[in-house]
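The values are calculated or read from the model by the stated rules, or taken from the named source; none is laboratory data. The structure displayed is predicted, hence computed values, not measured ones. In this analysis, Cβ positions are derived from the backbone assuming ideal geometry, glycine residues included, and neighbour counts consider all displayed protein chains. In case anyone asks, the SASA skips ligands and DNA or RNA and just uses the protein heavy atoms, side chains included. Shrake-Rupley method; radii C 1.70, N 1.55, O 1.52, S 1.80 Å.
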Amino acid sequence: MSDAADLPKAKEEEEVTQDLQDQSDDSSEDEEAAGTEMDFLRNLFSSALGLGSAEKVLDALTLEGVAQYIKSGKCKNIICMVGAGISTSAGIPDFRSPETGLYANLQKYDLPYPEAIFQIDYFKEHPEPFFALAKELYPGQFKPTICHYFIKMMKDKGLLRRCYTQNIDTLERVAGLEKDDLIEAHGTFYTSHCVSFCCRKEYSLEWMKEKIFSDAIPKCEKCKSLVKPDIVFFGENLPARFFTCMKMDFPRCDLLIVMGTSLQVQPFAGLVGRVSKSCPRLLINMEKAGEADPMLGMLGFGGGMDFDSDKAYRDVAHISTCDDGCLALADLLGWKAELEALVKQEHAQIDSKDKKEQPGEAGGAKDSSASVKPEE
C-alpha cells in the first residue's frame, strides 16, 4: 500500500484543500505567519543545541554537482521557484532593473508612485493606467523561453513536483505546464473576476483581451462593477492554494531550483527555508539572491542561502541568464539537443497558430531573444 508521498498531486492537494475549505484566506495567512515564526525558532534552537543533521548530498557545490545528483536517480521531487527573470528574454521587462525595469518606465501613466499601478485601492479609483499597461504586456504576445521549456522537460521526465511562479504572464501554461503543475503565487491573467463582493462573476482570458484591446475599461455584464484579472495586487491576499500546496510540497522536495527572482518579496521568498536541511538549492540568476542575514548566517541560523561561507554545504549559485543556465544544466544532463529541438518545435507551432488566427497581419507572438535559431 503506497504512502502519502506516492499520492498523485491533484488527489493529495484535493485532500488537503478539503481539510482546510472552511478556513478563510485571512486565517491561512495568519497560520502561515505563525508557521514561519515557529520554523525560525525550531531552526534556531536546533542549530544552537546541535540537534538534527545536515547531510551533504552534492559531491560538489557546482552546476556539475547538481547535474550528477539529478542523474543519480535520487532526485525525484524537484521544485522550481521562478520570477520575472525567466521571462525577460521573451521581451517582458522585470520590475526592478534601474533603467529597463517596469517601475523605471511608468512615468507616462502619471502615477503618484510606481507601485500604485498594482495597488488595489488605487486601481479601483483609477483603473486606466493598469489597463494601458496590460495592453502592452498582455499574455499571448510573447513566446515562452528556453527556461520555461526546461521546466516542462523536467515535468515530462517525471522529476518536477511543482513550479511556484511569481509571474503573471502565463508563459508557464503556454509552455505546457498544467494547473496541477503550477502555483501562480501572485495570480494570473488566465481568469478575471468582478471586484464586487456581492457579484464576483468570472470572465475568461479572451473576454478580458477583447476589452483591453478595444481600449475599454472592463465592466461586469451583471452589475457594472470593475472586472480585474486575477493577479494579486498589493493589499490583496495570496491564493489559498499557495498555502495548502506549500505544506505538502516543500517537506518532500529533494532539489530546489530558484531562477530569475531577487527573493525580496514575502512570503514567496521565505519558501527557500521550507525545504529540509539536506535538500540542495540551486540559484540561476544574474546575481546572488536570498542569502541569509550575515549575523544569523555566522551563527548558522535561518533558512537563507549560503554560497560562500566555510559552512556552505548545499547551496549553488550559477551566475548567468536563466536561459544560459538552463542550457548549461541541460548540456550536463545530456538533454541539450532535446531541449533545443523542443523550443524550435514549440515556437514554430505558435507561429503557425498565430498566422491561422490572424491572417494578413504581421503580428503574433513576439520572438524571444533566446529562441533557438533554425538550422540552415
| query | List, please: which pairs have Cβ atoms under 7 Å, are six or more places apart or on different chains, and start with a residue in region 321-341 that is within 17 Å of residue 64 (Cα to Cα) and end with one that is outside any helix (DSSP H, G or I) and of a type outside the set (A, V, I, L, M, F, W, C)? | reply | 322/260; 323/145; 325/318
| note | Scanning region 63-101 residue by residue, those more than 28 Å from residue 314 (Cβ to Cβ), out of contact with any helix residue (DSSP H, G or I) (no Cβ under 8 Å at 6 or more places or on another chain) and either surrounded by 16 or more Cβ atoms within 10 Å (Cβ to Cβ) or modelled with pLDDT of 95 or more (or both) turn out to be 91, 101
| request: May I ask you to verify whether residue 319 is in contact with a helix residue (DSSP H, G or I) (Cβ under 7 Å, 6 or more places away or on another chain) and modelled with pLDDT of 95 or more? | output: no
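For residues that are of a type in the set (Lys, Arg) and at negative phi, scanning just region 211-243, find the one that is least open to solvent (accessible area, probe 1.4 Å). Explain how you work it out, then say what you get.
To start, the set of residues in region 211-243 that are of a type in the set (Lys, Arg) comprises 211, 219, 222, 224, 228, 241.
If we keep only those that are at negative phi too, we end up with 211, 219, 222, 228, 241.
Details: 211: 53, 219: 96, 222: 150, 228: 16, 241: 53 Å².
Checked region 211-243; the qualifying residue least open to solvent (accessible area, probe 1.4 Å) is 228.
Mind checking which helices (runs of 4 or more DSSP H) fall wholly inside region 127-180 and carry at least 1 residues that are farther than 21 Å from residue 258 by Cβ and in contact (Cβ under 8 Å) with a residue 60 or more places away in the chain? Full working, then the answer.
Details: elements: 128-137, 146-156, 171-175.
It comes to 128-137, 171-175.
For the condition farther than 21 Å from residue 218 by Cβ and open to solvent by 10 Å² or more (accessible area, probe 1.4 Å), what is the one hit in 169, 156?
Being farther than 21 Å from residue 218 by Cβ and open to solvent by 10 Å² or more (accessible area, probe 1.4 Å) holds for just one of 169, 156, which is 156.
Within region 187-207, is even one residue under 27 Å from residue 158 (Cα atoms), assigned to a helix (DSSP H, G or I) and either open to solvent by 40 Å² or more (accessible area, probe 1.4 Å) or assigned by the TED database to the domain that holds residue 150 (or both)? Don't jump to the end; show me each part of the working.
Looking only at region 187-207, we keep the residues that are under 27 Å from residue 158 (Cα atoms), and these are 187-188, 190.
Narrowing further to those that are assigned to a helix (DSSP H, G or I): none.
No, region 187-207 contains no residue that is under 27 Å from residue 158 (Cα atoms), assigned to a helix (DSSP H, G or I) and either open to solvent by 40 Å² or more (accessible area, probe 1.4 Å) or assigned by the TED database to the domain that holds residue 150 (or both).
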